[in-house]
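This report concerns only the one structure given below.
The values are calculated or read from the model by the stated rules, or taken from the named source; none is laboratory data. Predicted model only: the values in this text are computed from it and were never measured. All Cβ positions, even for glycine, are placed from backbone atoms using ideal geometry, and neighbour counts span all protein chains on display.
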Amino acid sequence: MSHYETVIGLEIHVELKTNSKIFCSSSTEFGGEPNTHVCPVCLGLPGVLPVFNKKVLEYAIRVGVAINCKIAEFSKFDRKNYYYPDLPKNYQISQFDLPIAEHGYLDIELDNKVKRIGITRVHMEEDAGKLVHQGNITISNYSLVDYNRTGVPLVEIVSEPDLRSPEEARAYLEKMKAIIQYTGVSDCKMEEGSLRCDANISVRPKGSLVLGTKAEIKNMNSFKALQRALEYEVQRQIETLEDGGKIVQETRTWDDGKGITLSMRSKEQAHDYRYFPDPDLVPMIIDPKWVDEIRAALPELPDQRKSRYEKDYGLSEYDAEVVTSSKYLADYFEDCLTLGYSNAKIVSNWLTGELLRLLNSKGLEINQCLIKPGQLVEMLNMIDKGIISGKMAKMVFEEMFESGSDPEVIVKEKGLIQISDEGSISAVVDQVLEDNPKVVEDFRSGKDNALGFLVGQIMRATKGKANPAMVNKMLRDKLG
């Protein structure tokens, strides 16, 4: 593998968070009974005309300026002609030679090195419907079609073939998702298909300037799936070449269960989509002043927020990177501070540690978390006041995560109030010292680890409720 270089380009499809579709007033809401968010326009019935949703244009420009693209002053829609059952008109309204934005870039960081990835273009288009495949042993295979998604507005972001490894591709997709979230144009819920990714990948001998034959891997909807699919495809293509075979230009799909890519269809001959300007939609002339207004109104983006967290809150570069990797997580962090908890480092530790651990174990996003910022702040204040210990807090936190209950309620129900009464703790300490004379002698003879054993005995005797700081101080005082 060391003799080969990997070349990857990504095509990212982002569903825009508008209330209505790109060319009609049907709802874009996710879900719903099949074929209920439709109308004659998005169903492609005869005698109807599309009406462009201006909010889509605004959102597309917002994406373009956020990723450093040049916004076109003249742009148009085109018809991309092909037949597929989930495309009711037999063509897709998209953009061909005059997209809304071109020539941008995105900086990614990997192994403490910053690399700039070129962005070829950003264009607007309508989404297709969804095929639901059916069938079993006794019934012949067939497919149902749901047109609810037909006409939902998309932007497609096409990168240059500047990515050189699956790790770089994942870092690029993660960074792009974060930026899109911050702009507010999409919720980027990959599990719902509002952010999807296709990858073009080829390998070539190191030092060669000629691109190898590429395969396109379609519709990956998680960072892990993207990286695993590309890792498999690199290995497959290299092994094929080393065995004297030939890479075929084709479209492939990723089978997550088997961990392999599978051939879908050949692309050895370019598909003629017969693009032509859509005669039902007038071209767009974009006022540069409007673009400047959109650029000026951009919210703080991830890199800017990361720098501010390092400067204003004293977070490490790593912590600031993790917290700002999701707009929802960064908003959660700031909400905790706004509610009066001033120790930013402690908030960051709980978010990047316990919260992300639990979210990842359940496959959830931060905006699906039942714990509200106010509840986390309440729990942290209980730790600071000595009501619960750090160990107890982890138990409380897990219960809050599962039930959404307030920490005070959980502490009372579970009987988790920390013992901070000196008299009560002193009695337990005296008893443990009396029961363990050999360990006491070990400590006094210089074996410091004996103290840990004694602390453990006290915590066991109090069922973990004794204040650890008081236990340590009292033990040392009594041991001299």
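Test Ser342 against the criterion of being outside the structural domain of Tyr182 (by TED's automatic domain parsing), assigned to a helix (DSSP H, G or I) and over 30 Å from Val51 (Cα atoms), and give yes or no.
Numbers: outside the structural domain of Tyr182 (by TED's automatic domain parsing): yes; assigned to a helix (DSSP H, G or I): no; over 30 Å from Val51 (Cα atoms): yes.
Judged against the criteria, Ser342 is not a match.
Between Thr213, Thr138, the distinction of being among the β-branched types (Val, Ile, Thr), touching a helix residue (DSSP H, G or I) at 6+ places or on another chain (Cβ under 9 Å) and modelled with pLDDT under 95 belongs to Thr213 only. Annotation for segment 378-397: at least one member residue is within 30 Å of Glu174 (Cα to Cα), in a helix (DSSP H, G or I) and under 32 Å from the mean Cα position of the chain (by Cα).
Could you list, in sequence order, the residues of segment 243-257 that are of a type outside the set (Asp, Glu), in a loop (DSSP other than H, G, I, E, B) and either touching a residue at least 24 places away in the same chain (Cβ under 8 Å) or under 11 Å from Arg228 (Cβ atoms) (or both)? Full working, then the answer.
Going residue by residue through segment 243-257, those that are of a type outside the set (Asp, Glu) are 244-249, 251-254, 257.
Going one step further and asking which of them are in a loop (DSSP other than H, G, I, E, B), we end up with 244-249, 257.
Answer for segment 243-257, where residues must be of a type outside the set (Asp, Glu), in a loop (DSSP other than H, G, I, E, B) and either touching a residue at least 24 places away in the same chain (Cβ under 8 Å) or under 11 Å from Arg228 (Cβ atoms) (or both): Lys246, Ile247, Val248, Gln249.
Could you give me the residue pairs with C-beta distances under 6 Å whose first residue belongs to segment 16-41 and is under 14 Å from Gly129 (Cβ atoms), whose second residue is part of a strand (DSSP E or B) and among the small types (Gly, Ala, Ser) wherever it lies, and which are 6+ apart or on separate chains? Hits for this filter: His37/Ser27. The lone criterion from (1) in a strand (DSSP E or B); (2) more than 30 Å from Lys206 (Cα to Cα) left unmet by Glu109 is number (2).
So which of Lys473, Lys463 ends up being outside any helix (DSSP H, G or I) and either under 22 Å from Leu339 (Cα atoms) or not assigned by TED's automatic domain parsing to the domain that holds Thr324 (or both)?
Values: Lys473 fails: outside any helix (DSSP H, G or I).
Of the residues listed, the single one that is outside any helix (DSSP H, G or I) and either under 22 Å from Leu339 (Cα atoms) or not assigned by TED's automatic domain parsing to the domain that holds Thr324 (or both) is Lys463.
Evaluated against (1) in contact with a strand residue (DSSP E or B) (Cβ under 6 Å, 6 or more places away or on another chain); (2) surrounded by fewer than 21 Cβ atoms within 10 Å (Cβ to Cβ); (3) touching a residue at least 60 places away in the same chain (Cβ under 8 Å); (4) assigned to a loop (DSSP other than H, G, I, E, B), Leu49 falls short on exactly one condition, (1).
Being of a type in the set (Phe, Trp, Tyr) and either surrounded by 16 or more Cβ atoms within 10 Å (Cβ to Cβ) or part of a loop (DSSP other than H, G, I, E, B) (or both) is the filter here; which residues of segment 79-106 pass it? Break it down stepwise before answering.
Looking only at segment 79-106, we keep the residues that are of a type in the set (Phe, Trp, Tyr), and these are 82-84, 91, 96, 105.
Scanning segment 79-106 gives Tyr82, Tyr83, Tyr84, Tyr91, Phe96.
Residues of segment 196-242 that are free of Cβ contacts under 8 Å to residues at least 12 places away in the same chain and hydrophobic (A, V, I, L, M, F, W, C): Leu209, Val210.
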